[in-house]
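Input: a single structure, listed below in structure tokens.
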Amino acid sequence: MAHQTVIVLDFGGQYNQLIARRVRECGVYCEVKPYATPLEELRAMEPIGIIFTGGPGSVYLDGAPQVDPAIFTWGTPILGICYGCQLMAHLLGGRVSPAQEGSAREYGKTETCFDTQCTLFRGLPETGITWMSHGDYMEKVPEGFQLTARSAACPSVAIADEARGFYGVQFHPEVNHTRHGTDMLRRFLYDVCHAAGDWTMGDYKRTAVQSLRDKIGAGRVLLALSGGVDSSVAAALLAEAVGEQLTCVFVDHGLMRKNEGDEVEAAFSPWAMNFVRVDASQRFLSRLAGAEEPERKRKIIGEEFIRVFEGEAKKVGAVDYLAQGTIYPDVIESGAGDAAVIKSHHNVGGLPDCVDFKEIVEPLRLLFKDEVRQLGRELGLPEYLVARQPFPGPGLAIRVIGEITRDKLDTLREADAIFREELARAGEDKRLSQFFAALTNMRSVGVMGDGRTYDWAIALRAVTTDDFMTADWARIPYELLDRVSVRIVNEVKGINRVVYDITSKPPATVEFE
Ligand code: XMP
């Protein structure tokens with residue numbers, strides 16, 4: 001079935017995929033197209049609406065991204081955001097100028113007043129915070145347009161020509177900081193473009209499966225499956241699309257949490273595809289023997305992983321495609337080249353050099369994390385896989401502080417399982433972003449029964465965060481901490497002390513190593 005389509009016309013802004021994601025969230029199918037796409041191609045898509053994105057340019061400069069003004073004659077509603085708003089004003093006869101220092105240029109959260117008669121803002125509060133990032137402003141609005149929002153610094157924060165269905169906003173309705181931003185997009189989609197809301201994740205799945213089939217044909221695909229959400233969903237999607245042409249290699253490095261390896265295997269056994277589980281725990285442990293320093297441990301695991309994977313890939317033979325569970329935030333993060341390396345994150349996705357293949361397929365490349373989870377549910381993956389919290393590629397190796405032994409890993413697995421179990425039982429797990437136990441390298445004196453003990457301390461960590469760049473330590477109830485502590489000390493041999501980490505990030509990090 002063909003869907004109603006909204007085109008997100010990309011002028012180079014940093015939030016363009018976020019706009020697309022918001023449109024999908026509103027139940028409307030959309031495609032992001034480069035601004036230079038030929039007009040006939042755009043028109044052939046029969047869009048019910050078009051969104052011009054932001055962008056770094058200034059509309060009045062030579063070489064600024066443009067669009068053929070014929071687009072305004074189609075009778076299709078258009079929403080311009082930031083640069084897109086300025087471009088619309090510029091092309092329709094308004095005037096856009098550089099704002100003077102301290103005047104109409106705005107960056108960050110800005111108190112804004114809205115004309116709630118305007119369809120975009122109807123039913124929403126008259127004032128609210130918007131997220132701005134613009135150095136130019138609309139000095140003169142085009143004929144037929146009204147001013148529909150203003151801020152203290154800028155009289156022309158939003159414009160509308162309701163008769164033609166043209167709207168422009170200087171701020172970014174797609175980012176979370178703009179209060180009611182998604183509602184404004186919804187007004188545009190439903191009240192201006194008259195969307196039917198005919199798009200769901202089930203449709204996305206069908207479209208994605210079909211396009212994978214078209215691309216892969218009779219080719220063979222290899223995927224490194226880590227058991228994390230992204231690679232699991234990518235595996236399920238590819239299995240649905242090409243079945244036995246897919247081989248998933250699950251390198252069990254012996255650094256997973258309790259029962260995790262078996263759960264991954266169980267989740268994938270119903271699928272018609274080749275699933276290879278490699279028990280490489282002894283190999284990893286031998287290589288890690290004596291390593292104490294976190295970065296050294298990470299490096300060993302990263303290298304060993306590639307070696308094991310390479311060995312398995314050789315057994316599989318020549319493949320046409322190497323699949324990866326890259327998701328959109330990974331694409332953005334890897335683009336940010338200047339950020340200082342705090343920890344060298346190891347992801348099992350990044351292996352293109354060691355296998356002979358023609359092309360990479362990344363079927364989740366345009367999705368955000370919660371969309372990936374939704375897609376996983378749609379594909380029928382079990383909840384414990386799709387709802388799984390982030391788990392570092394090097395696994396428990398960076399949660400056993402200092403040197404790693406099999407005994408220490410077993411001890412940690414038991415303590416961690418108790419912590420997770422109690423949090424789930426208390427219903428606290430849903431509100432936490434990540435939680436785990438770590439085995440410290442501290443031994444201390446205790447007393448158990450009538451005897452002295454000299455055992456290890458377990459550290460518990462639980463955080464809340466939106467993006468893992470910063471995180472707050474979670475205020476979990478004392479009674480719950482007490483239950484966890486009593487159980488760990490009683491049930492896990494070799495532990496006589498439990499501490500709770502009350503440091504946020506920064507200055508600490510989420511993981512201990
Ligand atoms: P940090 O410790 O850097 O962790 O504050 C932030 C988030 O990243 C996860 N993490 C990793 N993920 N490979 C991964 O795939 C790694 O090496 C790695 N180290 C940390 C961590 O669990 C948290 O969610």
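Quick notes on this structure:
- Filtered by the rule that a residue be surrounded by 15 or more Cβ atoms within 10 Å (Cβ to Cβ) and either within 8 Å of the ligand (Cβ to nearest atom) or outside any strand (DSSP E or B) (or both), segment 499-508 gives D501, S504, K505, A508.
- Residues that are assigned to a strand (DSSP E or B) and loosely packed, with under 12 Cβ neighbours inside 10 Å were ranked within segment 446-471; the one that is nearest to the ligand (Cβ to nearest atom) is Y454.
- In segment 51-67, residue farthest from P98 (Cα to Cα) [restricted to those that are buried (at least 22 other Cβ atoms within 10 Å of the Cβ) and not hydrophobic (A, V, I, L, M, F, W, C)]: T53
- Which listed residue, of V499, V489, is among the β-branched types (V, I, T) and over 33 Å from the mean Cα position of the chain (by Cα): V489
- Every condition in (1) more than 9 Å from the ligand (Cβ to nearest atom); (2) touching a helix residue (DSSP H, G or I) at 6+ places or on another chain (Cβ under 6 Å) holds for E513 except the one numbered (1).
- Hey, N490 closer than 24 Å to R413 by Cβ and either within 16 Å of the ligand (Cβ to nearest atom) or assigned to a helix (DSSP H, G or I) (or both) or not: yes
- Restricting segment 424-438 to residues that are within 16 Å of the ligand (Cβ to nearest atom) and among the aliphatic types (A, V, I, L, M), the residue that is surrounded by the most Cβ atoms within 10 Å (Cβ to Cβ): A437
- Among the conditions (1) at pLDDT 95 or above; (2) away from the ligand (no atom under 16 Å from the Cβ); (3) farther than 20 Å from G243 by Cα; (4) surrounded by fewer than 17 Cβ atoms within 10 Å (Cβ to Cβ), E310 misses just one, which is (1).
- Residue check, A417 more than 16 Å from the ligand (Cβ to nearest atom), over 24 Å from N259 (Cβ atoms), outside any loop (DSSP other than H, G, I, E, B) and in contact (Cβ under 8 Å) with a residue 40 or more places away in the chain: no
- Residue match in segment 381-397 (condition: of a type outside the set (D, E) and more than 26 Å from A438 (Cβ to Cβ)): yes
- Hits in segment 356-383 - residues which are away from the ligand (no atom under 16 Å from the Cβ), over 25 Å from E312 (Cβ atoms) and loosely packed, with under 15 Cβ neighbours inside 10 Å: G380, E383
- In segment 384-414, residue nearest to the ligand (Cβ to nearest atom) [restricted to those that are among the charged types (D, E, K, R) and either touching a Cys at 6+ places or on another chain (Cβ under 8 Å) or farther than 12 Å from I458 by Cα (or both)]: R388
- Count - residues of segment 472-485 that are part of a loop (DSSP other than H, G, I, E, B) and without any contact (Cβ under 8 Å) to a residue 12 or more places away in the chain: 1
- The lone exception for F275 - which of (1) modelled with pLDDT of 90 or more; (2) touching a helix residue (DSSP H, G or I) at 6+ places or on another chain (Cβ under 6 Å); (3) within 16 Å of the ligand (Cβ to nearest atom) it fails: (3)
- Cross-chain or 6+ apart pairs with Cβ under 6 Å, segment 493-513 first and more than 15 Å from V400 (Cβ to Cβ), then within 16 Å of the ligand (Cβ to nearest atom) and aromatic (F, W, Y): I502/W473; S504/W473
- Residue list for segment 206-248, restricted to those being without any contact (Cβ under 8 Å) to a residue 40 or more places away in the chain and touching an Asp or Glu at 6+ places or on another chain (Cβ under 7 Å): V209
- When E303, E295 are screened for being within 16 Å of the ligand (Cβ to nearest atom), in contact with a Ser or Thr (Cβ under 8 Å, 6 or more places away or on another chain) and not small (G, A, S), only E295 passes.
- Any hit, segment 175-182, residues being at pLDDT 95 or above, touching a helix residue (DSSP H, G or I) at 6+ places or on another chain (Cβ under 6 Å) and closer than 30 Å to V96 by Cβ: yes
- Residue match in segment 386-398 (condition: touching a residue at least 12 places away in the same chain (Cβ under 8 Å), of a type in the set (A, V, I, L, M) and within 30 Å of G219 (Cα to Cα)): yes
The values are calculated or read from the model by the stated rules, or taken from the named source; none is laboratory data. Note that the coordinates shown come from a computational prediction; the quantities given were computed from them, not determined experimentally. Ideal geometry is used to build each Cβ from the backbone, glycine not excepted, and the neighbour counts take in all protein chains shown.
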